[in-house]
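Q: Take a look at the following structure, please.
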Amino acid sequence: MLFFSWVLSLGCLIFPLSPNFFQGGSLFRLIHRPNNLLDEKRRLRMALDVARGMNYLHNCTPVIVHRDLKSPNLLVDKNWVVKVCDFGLSRMKNNTFLSSRSTAGTAEWMAPEVLRNEPSDEKCDVFSYGVILWELCTLQQPWEGMNAMQVVGAVGFQSRRLDIPDNVDPAVAEIITRCWQTDPRARPSFAEIMAALKPLLKPVPANQAPRQRVQQAEG
């Protein structure tokens, strides 16, 4: 049985592939399973993998906008490398904005302008990426306990965002916050996201304390 889906791998679109190639399954399944053993560095590397794949799509001519970027659409291979797949809602960007009358994607990961059925561009993928990065940091499911219509109302019309825990690295929290800007023009490109993530994967010198949120205890 062949797995018929577009998969981005090393700058190439491959079709079709055997599902056995992706022994880790989806990123969603991996990070939300009980007794998750993925350490922080591995999760950051996974985030960088996704950013690389999306950067490739957004630098195609014309730009390819995925429009359904979410952790269930990311596959993990036997080497723990994450691949972008499932381009069922993708569009070629020939104009400034894409127009869609459908919010057929998954609301928990979708940008507010898409939830409102407004014209959107590739920056809608950046918003979705922010949700994936939040998942990788928190190991929680986005908007758990809310149905799709509640998420549409909260994100699309009330400008609500997922809470970022205080124990998330401030540098990563800043990337997430920038991805979730209401104005798509204020969101970073994937090249900028990659540039922000790469330094976080470098070994910390022995004489340098790890970056963390410092909270002064009172009393």
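The values are calculated or read from the model by the stated rules, or taken from the named source; none is laboratory data. Small disclaimer: the values here were computed from a predicted structure and weren't measured. Cβ sites come from the backbone with ideal geometry, for glycine too, and all protein chains shown count toward neighbours.
Q: Test Val152 against the criterion of being buried (at least 16 other Cβ atoms within 10 Å of the Cβ) and assigned to a loop (DSSP other than H, G, I, E, B), and give yes or no. Outline the logic, then answer.
A: Working: buried (at least 16 other Cβ atoms within 10 Å of the Cβ): yes; assigned to a loop (DSSP other than H, G, I, E, B): no.
When the stated conditions are applied, Val152 does not pass them.
Q: Quick check on my filter: what residues within the range 156-194 are outside any helix (DSSP H, G or I), under 14 Å from the mean Cα position of the chain (by Cα) and farther than 26 Å from Val63 by Cβ?
A: Our first condition is that a residue be outside any helix (DSSP H, G or I); within the range 156-194, this holds for 158-169, 180-183, 187-189.
Subsequent filtering for residues that are under 14 Å from the mean Cα position of the chain (by Cα) retains 162, 180, 187-189.
The one that is outside any helix (DSSP H, G or I), under 14 Å from the mean Cα position of the chain (by Cα) and farther than 26 Å from Val63 by Cβ: Leu162.
Q: Kindly provide the set of residues from the range 58-73 that are of a type in the set (A, V, I, L, M) and within 16 Å of Cys179 (Cβ to Cβ), ordered by number. Walk me through how you get there before you give the answer.
A: So the first thing to find is which residues in the range 58-73 are of a type in the set (A, V, I, L, M), and the list is 63-65, 69.
Listed by number, the residues that qualify are Val65, Leu69.
Q: Can you name the condition, by its number, that Pro203 falls short on among (1) surrounded by fewer than 19 Cβ atoms within 10 Å (Cβ to Cβ); (2) at pLDDT 95 or above?
A: Only one criterion is unmet by Pro203, namely (2).
Q: Determine whether the range 42-54 contains at least one residue that is surrounded by 14 or more Cβ atoms within 10 Å (Cβ to Cβ), in contact with a helix residue (DSSP H, G or I) (Cβ under 6 Å, 6 or more places away or on another chain), modelled with pLDDT of 80 or more and assigned to a strand (DSSP E or B).
A: Looking for residues that are surrounded by 14 or more Cβ atoms within 10 Å (Cβ to Cβ), in contact with a helix residue (DSSP H, G or I) (Cβ under 6 Å, 6 or more places away or on another chain), modelled with pLDDT of 80 or more and assigned to a strand (DSSP E or B), one finds none in the range 42-54, hence no.
Q: In the range 77-106, how many are surrounded by fewer than 22 Cβ atoms within 10 Å (Cβ to Cβ), in contact with a helix residue (DSSP H, G or I) (Cβ under 6 Å, 6 or more places away or on another chain) and at pLDDT 85 or above?
A: 1
Q: Could you list all residues from the range 163-181 that are surrounded by fewer than 19 Cβ atoms within 10 Å (Cβ to Cβ) and farther than 20 Å from Asp39 by Cβ?
A: Asp163, Glu174, Thr177, Arg178, Gln181
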